[in-house]
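*Asks:* Below you will find the structure I want to go over with you.
The values are calculated or read from the model by the stated rules, or taken from the named source; none is laboratory data. Because the structure is predicted, anything quoted here is derived from the model rather than measured. Virtual Cβ from ideal backbone geometry, glycine too; neighbours counted across all protein chains shown. Surface accessibility is based on the protein's heavy atoms, side chains included, excluding ligands, DNA and RNA. Shrake-Rupley method; radii C 1.70, N 1.55, O 1.52, S 1.80 Å.
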Amino acid sequence: MQILNKIILALFTVTVFSCNEITNNEVVSVTERQILVNNTPYIIKGICYHPVAKGQEKRSFETLEQDLALMLEAGINTIRVYAPIDDKNVLDKIHQAKIKVVVGFGYDQGGVFDIKAGTFIDYVNKYKTHPAILMWELGNEYNYHPQWFDGDIKNWYNAMNNAAAIIHENDTNHPVTTAHGDLPDNQALSLSPNIDVWGINIYRWDKPGTIYNQWEKASDKPMYFSEAGGDSYMTIEKDGFAQGVNEDAQASANQNILISVFNHSNICSGVTMFSFTDGWWKAGNPNQQDVGGWAPNSSGVPYDGSPNEEYWGIVDIDRNKKKTFEVIRNQYLKN
């Protein structure tokens, strides 16, 4: 018994020591149109991740280990989260899975790591040495919501640019990005020179092809798709896809989008597909899966032009794989 106890203690000590000794020797940088990790080009093969359990409305990481295993199976190397993860153990597990994180900050989150209160920089300074971090992200599709900024979107771009400058002063090892709704215009670009990488939430059916040339003309900075993809419910019958739950439609759309992304890796630094799991909290009763939901500028959602917000996962809420899971896996592993 004493020998067994010594073995258990030794294993526990090794485990704790290993977790506590996670250090970051990496530098994430940008050059021309590329994201680099330790001077090696990094293509984002990612997924948007906001896990909310059945019947709940707030994010939790109770299924993290199962989720990370599925992500690794799918060839995912990056997750994008819409709010900071203030739990070192969660970030440690993500790092140990060799996955990186794009950490999103909101503008007004009641003072909790947000841009309005300036508390975002507390999080940056707390976790800037953690090796799971890939980039810091400011805002998500705020260009669709000028009403949040006294009716003048310039107020947002100025706040975003100032926040990016503060991050640069405090952290020289990670780029600053944003998730912009579709292609940023000249005003957005000119008012935001401190943004290093532009994320674009793009819903142009299953054909994002026109955006690469548009971006090439608009900016010489790196760009990636911070959201793209289709849901697995057809509100109407269209383009040969039947109305109702339709995993074939989602798989087809995501296949076409990913082929386009990887065929333009000289312009686009990858994608975080939307989304990892279905979110039952979005459109109605969180205890059931509802049809519907609303998203700005969503007429380009393939193939029905209707965002069924609770059907967007590559796995369902019970972590059963949808048909698109294999599409994601095939594209990520071969590129």
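Rundown of residues vs (1) open to solvent by 30 Å² or more (accessible area, probe 1.4 Å); (2) in a helix (DSSP H, G or I), yes/no style:
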site	(1), (2)
Ile115	no, no
Tyr123	no, yes
Pro131	no, no
Gly151	yes, no
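*Asks:* Consider Thr178 against the criteria (1) of a type in the set (S, T, N, Q); (2) buried (at least 24 other Cβ atoms within 10 Å of the Cβ); (3) in a loop (DSSP other than H, G, I, E, B): it satisfies all of them except one. Which criterion is unmet?
*Replies:* Evaluating Thr178 over (1) of a type in the set (S, T, N, Q); (2) buried (at least 24 other Cβ atoms within 10 Å of the Cβ); (3) in a loop (DSSP other than H, G, I, E, B) leaves (3) as the failure.
*Asks:* Asn256 is checked against (1) assigned to a loop (DSSP other than H, G, I, E, B); (2) more than 29 Å from Glu65 (Cβ to Cβ); (3) open to solvent by 20 Å² or more (accessible area, probe 1.4 Å); (4) not hydroxyl-bearing (Ser, Thr, Tyr) and fails just one. What number does that condition carry?
*Replies:* (1)
*Asks:* Then there is this: Residue by residue through the range 220-243, note down the ones that are over 24 Å from Thr78 (Cα atoms) and out of contact with any strand residue (DSSP E or B) (no Cβ under 6 Å at 6 or more places or on another chain).
*Replies:* Across the range 220-243, the qualifying residues are Thr235, Ile236, Glu237, Lys238, Asp239, Gly240, Ala242.
Residue-by-condition table, conditions (1) part of a helix (DSSP H, G or I); (2) open to solvent by 60 Å² or more (accessible area, probe 1.4 Å); (3) modelled with pLDDT of 95 or more:
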residue: Val102; (1), (2), (3): no, no, yes
residue: Gln109; (1), (2), (3): no, yes, yes
residue: Asn155; (1), (2), (3): yes, yes, yes
residue: Ala159; (1), (2), (3): yes, no, yes
residue: Ile200; (1), (2), (3): no, no, yes
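*Asks:* From the list Phe274, Phe262, which residue is open to solvent by 10 Å² or more (accessible area, probe 1.4 Å), of a type outside the set (Lys, Arg), touching a Phe, Trp or Tyr at 6+ places or on another chain (Cβ under 6 Å) and in contact (Cβ under 8 Å) with a residue 60 or more places away in the chain?
*Replies:* Phe274
*Asks:* Return the residues of the range 10-44 that are open to solvent by 80 Å² or more (accessible area, probe 1.4 Å), closer than 19 Å to Asp171 by Cβ and at pLDDT below 90; say none if nothing qualifies.
*Replies:* Once the filter is applied, which keeps residues that are open to solvent by 80 Å² or more (accessible area, probe 1.4 Å), closer than 19 Å to Asp171 by Cβ and at pLDDT below 90, the range 10-44 yields Thr23, Asn25.
*Asks:* Which is in a loop (DSSP other than H, G, I, E, B) and modelled with pLDDT of 95 or more, of Pro296, Pro302?
*Replies:* The unique qualifying residue is Pro302.
*Asks:* Name the single residue, out of those in the range 209-253 being touching a helix residue (DSSP H, G or I) at 6+ places or on another chain (Cβ under 7 Å) and surrounded by fewer than 22 Cβ atoms within 10 Å (Cβ to Cβ), that is modelled with the lowest pLDDT.
*Replies:* It comes out as Gly209.
*Asks:* Are there any pairs with C-beta distances below 6 angstrom linking a residue in the range 45-62 that is under 15 Å from Glu309 (Cβ atoms) to a residue that is of a type in the set (Phe, Trp, Tyr) and open to solvent by 50 Å² or more (accessible area, probe 1.4 Å), with the two at least 6 apart or on different chains, and if so which?
*Replies:* His50/Tyr82; Val52/Trp281; Glu57/Trp281
*Asks:* Touching an Asp or Glu at 6+ places or on another chain (Cβ under 8 Å) and not acidic (Asp, Glu): does that describe Gln289?
*Replies:* Yes.
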